[in-house]
């Protein structure tokens with residue numbers, strides 16, 4: 001559909017974009033403060049306080065979560081209607097920063113290397129923008145400020161604590177949650193562009209541990225031992241063959257062994273060897289199949305050599321699945337704001353994982369990638385997310401604020417102007 005037709009359907013976005021531009025200075029200031037004071041995990045006291053200060057004065061019903069530093073802020077429009085959820089994650093990564101930015105992290109070995117500082121700031125400003133339009137909103141907007149996205153299951157904890165169990169309206173009428181939307185900034189798309197796809201968009205992520213047990217002894221007499229090291233090496237090789245020969249190439253999986261640990265010195269055969277790695281899959285079916293096959297391969301190879309193998313798989317995030325209808329709707333709304341050539345349909349999923357997947361298991365919705373390549377850099381060569389040198393163009397935040405607000409307005413049935 002052409003940009004003109006989309007504008008006709010959703011309404012002109014100039015007023016919305018102007019409002020977002022008017023919030024840009026505040027967005028940048030909050031983002032830089034968050035960037036200087038990153039926190040890791042589910043306990044983010046400094047971050048939560050900064051967000052609460054930035055939301056102060058808005059007509060929001062705020063719930064402070066107890067199991068984490070999560071914040072749920074509910075905006076009730078002046079007209080009846082359903083509720084839509086907007087998510088922004090707040091946590092950083094446990095890693096050093098080497099960007100050289102004037103507002104680089106002040107906390108040792110903590111860095112906002114995945115752009116969550118921009119997500120949080122954009123969502124705060126979207127709350128300001130939508131609060132100004134409260135009179136136009138037919139329904140409610142639930143702003144989900146989430147900790148612990150980087151492997152700490154923050155979204156799951158918030159859901160378990162009742163995030164999605166909303167109260168009725170003051171008059172007793174229902175306002176059910178009917179959709180959810182999130183943005184994720186990336187340095188691999190130019191500013192002013194967005195990327196999305198329906199169906200699986202990000203992988204599941206599980207942690208693999210295998211412990212091969214044999215019998216140690218002197219390295220000069222391996223025949224008197226049951227050496228676990230060559231068995232562990234054989235398992236690693238067999239896991240790669242397993243993926244290519246037992247898993248459908250059109251429903252892919254990845255098994256990466258990232259660490260092997262065995263022994264203490266050069267002339268002693270150890271009793272045990274350990275293997276650690278990650279498992280990624282693009283469907284629940286393949287995820288389950290890979291788990292079963294890993295156990296078969298590891299225990300079978302170990303047994304063939306007279307050793308044993310213990311396999312532990314620690315479940316991480318499920319597959320992130322965009323509802324196809326909601327993803328199509330998100331594409332339309334974004335294209336009406338950015339232009340139909342600026343919203344790309346991703347040809348393939350991303351093998352990284354995202355715990356917004358927990359929300360999308362409960363609600364129809366979508367996550368969209370937001371272009372943030374630094375000015376003057378090539379998206380193909382810019383430092384990627386999770387790099388100690390990654391940077392994002394702050395002009396992307398005005399786009400993000402516009403998209404958050406537009407998705408809420410259009411999902412609830414209000415036009416963009």
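Just a few scattered comments:
- Hits in the range 82-95 (condition: under 9 Å from residue 139 (Cβ atoms) and surrounded by fewer than 20 Cβ atoms within 10 Å (Cβ to Cβ)): 82
- Boolean, residue 46 is under 21 Å from the mean Cα position of the chain (by Cα) and either free of Cβ contacts under 8 Å to residues at least 12 places away in the same chain or over 18 Å from residue 400 (Cα atoms) (or both): no
- The strands (runs of 3 or more DSSP E) found entirely in the range 283-347 that carry 3 or more residues being in the same structural domain as residue 222 (by TED's automatic domain parsing) and surrounded by fewer than 18 Cβ atoms within 10 Å (Cβ to Cβ) are 308-317.
- Enumeration of residues in the range 235-255 that are over 18 Å from residue 301 (Cβ atoms), in contact (Cβ under 8 Å) with a residue 24 or more places away in the chain and surrounded by fewer than 16 Cβ atoms within 10 Å (Cβ to Cβ): 248, 251
- Any hit, the range 103-113, residues being farther than 25 Å from residue 391 by Cα and modelled with pLDDT of 95 or more: no
- Within the range 236-250, the set of residues being in contact with a strand residue (DSSP E or B) (Cβ under 8 Å, 6 or more places away or on another chain) and farther than 12 Å from residue 293 by Cα comprises 236 only.
- The lone criterion from (1) touching a helix residue (DSSP H, G or I) at 6+ places or on another chain (Cβ under 8 Å); (2) within 30 Å of residue 346 (Cα to Cα); (3) not in a loop (DSSP other than H, G, I, E, B); (4) not assigned by TED's automatic domain parsing to the domain that holds residue 345 left unmet by residue 245 is number (1).
- Tally of residues being without any contact (Cβ under 8 Å) to a residue 24 or more places away in the chain and within 16 Å of residue 206 (Cβ to Cβ) across the range 271-309: 3
- So residue 381, is it surrounded by fewer than 15 Cβ atoms within 10 Å (Cβ to Cβ) and closer than 30 Å to residue 98 by Cβ: yes
- Among (1) under 16 Å from residue 31 (Cβ atoms); (2) not assigned by TED's automatic domain parsing to the domain that holds residue 140 - the single one residue 396 does not satisfy: (2)
- Flag if residue 99 is surrounded by fewer than 24 Cβ atoms within 10 Å (Cβ to Cβ) and under 23 Å from residue 369 (Cα atoms): yes
- Note on the range 248-273: among residues that are over 31 Å from the mean Cα position of the chain (by Cα) and assigned to a loop (DSSP other than H, G, I, E, B), the one that is farthest from residue 283 (Cα to Cα) is 267.
- Of all residues in the range 355-391, those that are touching a strand residue (DSSP E or B) at 6+ places or on another chain (Cβ under 9 Å), within 25 Å of residue 153 (Cα to Cα) and in a loop (DSSP other than H, G, I, E, B) total 9.
The values are calculated or read from the model by the stated rules, or taken from the named source; none is laboratory data. The structure displayed is predicted, hence computed values, not measured ones. A quick note on method: Cβ atoms are made from the backbone with ideal geometry, for glycine too, and the neighbour counts reach across all protein chains shown.
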